[in-house]
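The values are calculated or read from the model by the stated rules, or taken from the named source; none is laboratory data. Keep in mind it's a predicted model, so treat the numbers as computed, not measured. A quick note on method: Cβ atoms are made from the backbone with ideal geometry, for glycine too, and the neighbour counts reach across all protein chains shown. Note: accessible area is taken over every heavy atom of the protein model, side chains too, but ligands, DNA and RNA are not part of it. Shrake-Rupley method; radii C 1.70, N 1.55, O 1.52, S 1.80 Å.
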Amino acid sequence: MKIAINTLALYKTKVGMGRYIVELVNRVPVIDSENKYIIYLSKKNRKHFTAAPNVSFNEVPAFFTIPFLKIIWEHFFLPLSLLKNKVDLYHATGFVLPWKPQKIKYVVTIADMTFFTHPQYHQWIKTMYFRLFIPSSLKKADMVLAISENTKKDIVTIAKLNEKKIATTYLGVDSYFVPNTGKESLAVLRKWGIMQPYILFVGMLEPRKNIVGLLKAFSLLSKKSHILVIVGKKGWMYDDIFSYVKKLRLENHVLFTGYVPDEELPALYSSATCFVYPSFYEGFGIPVIEAMACGCPVITAENSSLKEIVGNAALLVDPNNISQIAESMEKILDNKKEREAKRKAGLQQAKKYKWSIFANKTKEAYNQVIKEKK
């Protein structure tokens, strides 16, 4: 059988669902030698993928990787390519499926349903596009892959989809996310100019991550024994974040690193006093599990998938309650016993999320769809 995977939702760096796509392509074909894989990719994201005997790469012309033109390619030209290559199963990793040739089975990944539940956290044009095409894609799909039970629940509630058609494939954490000490960690901290104890945030700089709320809570701390280190690329509508740093007079207490390569993140997680992730909504929340795997005590929001993913291993807060976030940070900073308890609990919780498990669950979903075809 031939299985095709579209990776064009991954651009230059492995952030967000980019990590999902890389792990999917680099792991599933390796454990599924019975099937052949065709990977649709761009010249820019080719570097992220490793070759395997049963994998062939199909590079999409650069012209069609421009966002608007990518949509045209995916909706009209991709199905023709699937037919030409005699593909049996096509996996769309970015929410949307094109028109469906009768002979081909379709699988679609849904990270979250925030275009319906929290449209204010997206650009209006993206919200319009996905609200238009996600419902029809869910109907076309022979199998839907959700990255958490919370996302599965949202799909069932919003799209009225039969839950038997949805498989939950939890994301994972790379094996190099482990407690990190020594000269290598010190070198990473020096590289990014971190010279004192710090509270850490890792994620895209955008409204949904509630970084402004984090800044407000940080400003309430009774003493500034720590700085706040914010790691992540600029997303959209990030101006308020920098405005609040000035408004709250935190210029000397907040450090923005921008994007940090994956291999340097364990050092940052391991050396932080705590990791704070008060996001308004997440489909999964990979940084939370990465922090736990590195032995960093976690404070996160009690909403969406976050509560599901962390279990009892983190301090949970209402992301709209600034004083509660501040109090939780004070609790971790001032109470060594609490820090140690959350550190140990986090290390155990993180063991539940492995990319190898994700790969096996995805392979099982493919096999189920292919079996049904026969």
Only helices counted: for the chain, with every DSSP H run of 4 or more residues adding -39500 (n - 2.57) and the sum spread over all residues, [θ] at 222 nm is -12000 deg cm²/dmol
Here, trypsin sites (Lys or Arg not before Pro) of the stretch 94-192 satisfying both criteria (DSSP loop; at most 13 other Cβ within 10 Å) are LYS103, LYS160
Can you give me the Cα centroid spacing of the stretch 1-35 and the stretch 346-373 in angstrom? 13
Suppose R0 equals 22 Å. What FRET efficiency, 1/(1 + (r/R0)^6) with r the Cβ-Cβ distance, do GLU330 and GLU251 give to the nearest 0.05? 0.50
Give me the Kirkwood hydrodynamic radius of the stretch 317-374 in Å, from all C-alpha pairs, to one decimal place? 15.0
Measuring from label point to label point, each 7 Å out along Cα→Cβ, what is the THR273 to ASN320 span in nm? 3.0
Would you mind getting the Kirkwood hydrodynamic radius of the stretch 82-219 from its Cα pairs, rounded to one decimal in Å? 18.4
Plugging the Cβ-Cβ distance of GLU149 and TRP99 into 1/(1 + (r/R0)^6) at R0 = 35 Å yields, to the nearest 0.05, a FRET efficiency of 0.70
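Residue separation times 0.36 nm, minus the C-alpha to C-alpha distance between LEU69 and LYS361: what's the value?
Result: 101.9 nm gained on full extension.
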Against the 2.2 N^0.38 Å rule of thumb, the C-alpha Rg of the stretch 155-300 sits at a ratio of 1.15
Pulled fully out, how much extra length does the chain show between MET237 and LYS165, if you take 0.36 nm times their separation in residues and subtract their Cα-Cα distance? 22.3 nm
Two-site label geometry, ARG46 and VAL30: point separation in nm, points 7 Å out along Cα→Cβ: 2.2
If you put +1 on each Lys and Arg Cβ and -1 on each Asp and Glu Cβ, how big is the dipole of the chain around its Cα centre, in Debye rounded to 20? 760
What's the longest piece of the chain with no exposed GluC sites (Glu not before Pro), counting a site as exposed if DSSP puts it in a loop and it has at most 13 other beta carbons within 10 Å? 35-250
Spin-label pair TRP124/TYR259, simplified geometry with 7 Å Cα→Cβ offset, distance in nm: 2.9
Counting only protein heavy atoms and a 1.4 Å probe, tell me what percentage of the chain's accessible area is made up of carbon and sulfur. 55
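Which three semi-axes in whole Å describe the equivalent ellipsoid of the stretch 1-94, each the square root of 5 times a Cα gyration tensor eigenvalue, listed largest first?
On the way: eigenvalues 76, 58, 22 Å².
Calculated on Cα positions only, the semi-axes equal 19, 17, 10 Å.
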What full-extension length gain, to one decimal in nm, is calculated for LEU83 and LYS139 as 0.36 nm per residue of separation minus the Cα-Cα distance? 18.1 nm
Under Stokes-Einstein, the stretch 188-263 at 10 °C and 1.306 mPa s, with its Kirkwood radius over C-alpha pairs, diffuses with a coefficient in µm²/s of 124
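Hey, what's the Kirkwood Rh for the stretch 63-140 if you take every pair of different alpha carbons, in angstrom?
Final number for the Kirkwood radius of the stretch 63-140 is 13.4 Å.
Quantify how much of the Cα-Cα distance distribution of the stretch 224-374 extends past 20 Å, in percent. Before the final figure, lay out each step's value.
Working: 6399 of 11325 pairs.
Value for the stretch 224-374 (Cα pairs over 20 Å): 57 percent.
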Please report the Cα spread of the stretch 139-190 along all three principal axes, rounded to whole Å, starting with the longest. 53, 18, 16
